[in-house]
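Enquirer: The structure that follows is given in the form of structure tokens.
The values are calculated or read from the model by the stated rules, or taken from the named source; none is laboratory data. A quick note: this is a predicted structure, and the numbers were derived from the prediction, not measured. No Cβ is skipped: glycine too gets one built from the backbone with ideal geometry, and neighbour counts run over all protein chains shown.
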């Protein structure tokens, strides 16, 4: 599955109403660590059909960033059943992100 571009218009349907856990990547194009995490996020999306993966550009969606308390980026948040259940701040290797997701996958 490909990475979804999440914004205020599709957030409720794609994230809050998702029947699968959602990994959200809060990022910005000017953020160096975000650019390092980006390809990892893309790989996770392609390799894991039992989750959804979305990216939230914090410059374009400040209200979503604020609602998750994204003061620094990259911020990676797992949302399950409409609630944030795990998060990690800063660049993380792929295995650490998969480990963060593991308890919430079906």
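Okay, residues lined up against (1) within 24 Å of residue 105 (Cα to Cα); (2) modelled with pLDDT of 95 or more; (3) touching a helix residue (DSSP H, G or I) at 6+ places or on another chain (Cβ under 8 Å):
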residue: 2; (1), (2), (3): yes, no, yes
residue: 11; (1), (2), (3): yes, yes, yes
residue: 15; (1), (2), (3): yes, yes, no
residue: 28; (1), (2), (3): no, yes, yes
residue: 32; (1), (2), (3): no, yes, no
residue: 38; (1), (2), (3): yes, yes, no
residue: 44; (1), (2), (3): yes, yes, yes
residue: 60; (1), (2), (3): no, yes, no
residue: 85; (1), (2), (3): yes, yes, yes
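Enquirer: Six or more apart or on different chains, Cβ atoms under 7 Å: show the pairs whose first residue is in the range 68-96 and touching a residue at least 24 places away in the same chain (Cβ under 8 Å) and at positive phi and whose second is crowded, with 18+ Cβ neighbours inside 10 Å and part of a loop (DSSP other than H, G, I, E, B).
Expert: Here the result reads 90/74, each pair linking the range 68-96 to a residue that is crowded, with 18+ Cβ neighbours inside 10 Å and part of a loop (DSSP other than H, G, I, E, B).
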